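Notes for the one structure printed next.
Since every read-out is calculated from the coordinates, none of them should be taken as a lab result. Only a predicted model underlies this, so the values are computations on that prediction, with no experimental measurement involved. Quick reminder, even Gly has a Cβ in these numbers, built from the backbone with ideal geometry, and neighbours come from all protein chains shown.
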Amino acid sequence: MSHRVIAVTRSAHGDVSLTLQGDANDAPDEKPDRPEQVQGAVVYAVPYFGWVANRLNVGAGAKYGAWAAYALIAIGCLRILLGLVGSGARRARRTHARDRAMGTELPAQGATSSR
């Protein structure tokens, strides 16, 4: 969550307090904060990403978000597995096609040469 400093107040004793307001809030925070409590700075923001993240972390959204993550992981693993299994056959087809195009194709196994 990001909050902006909307007011700086200095007491008679010299204590500084900050009034903060959340970017998505209509009103400032009820309690002021001390400068030591402020951490970090906003470097960049992705509009509406917080809304999506909140929906994926609460209630049914959390359950569906978890299932979507598991499905994406499973699909990725399956693609890797199928890529590893099929890579030898694809390599053989590419080599065969290249040899045929270059005229260096070897005779099929068991075939006899006419020499």
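List of remarks:
- Segment 1-14 - residue that is touching a Ser or Thr at 6+ places or on another chain (Cβ under 9 Å) and exposed (fewer than 11 other Cβ atoms within 10 Å of the Cβ) and, of those, nearest to residue 40 (Cα to Cα): 9
- Of all residues in segment 40-80, those being of a type in the set (Phe, Trp, Tyr) and outside any helix (DSSP H, G or I) number 2.
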